[in-house]
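Only one structure is covered here, and it is reproduced in the block below.
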Amino acid sequence: MKISLTLILLILSNAFMTMAWYGHLKYQSTGLNNWKALMGIVLVSWGIAFFEYCLQVPANRLGFIENGGPFSLIQLKILQEVITLTVFVIFTVLLFKNETFSKNHIISFVFIILAVYFAFKK
């Protein structure tokens, strides 16, 4: 149960963070590129990131082995990175239709998955 809840919270937190970091790029062609608009975008991104932290911190506390969870700190971080990239790829495919993934991107992603395998290998 802790594994599932940790993973769900990490996925949700990454959805918020990806939106905070990259969502504004979808709308940059609206002409809102001046200093005031940038400050507004930063504030909105911080607001979105607040929800990311509300999910990320409990996920790490719940999943951490020293709190009774199943994952070491290093395993949590590696999971976080894979989830971040997975959420980012889905976000990019859905919102940025002009972005394409090359063989190099796919190969890189395979290596990251291999990193997870080796991080969890006993």
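What follows draws every value from the coordinates through simple rules; no lab data is involved. Just so we're clear, the structure is a prediction, and the values are computed from it rather than from any experiment. In this analysis, Cβ positions are derived from the backbone assuming ideal geometry, glycine residues included, and neighbour counts consider all displayed protein chains.
Computed values, structure above
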quantity	calculated
For the stretch 72-122, convex hull volume per residue from C-alpha positions, Å³	56
Cleavage-rule hits, trypsin sites (Lys or Arg not before Pro), the stretch 1-103, DSSP coil, Cβ neighbours within 10 Å at most 12	K97
Pairs of Lys in the chain closer than 21 Å at Cα, counting only those 8 or more apart or on different chains	7
Helix-only CD estimate at 222 nm, as mean residue ellipticity for the chain, using -39500 (n - 2.57) per DSSP H run (n ≥ 4)	-26000 deg cm²/dmol
Two-decimal Rg/Rh across the stretch 2-120, once Rg and the Kirkwood Rh are taken from alpha-carbon atoms	1.04
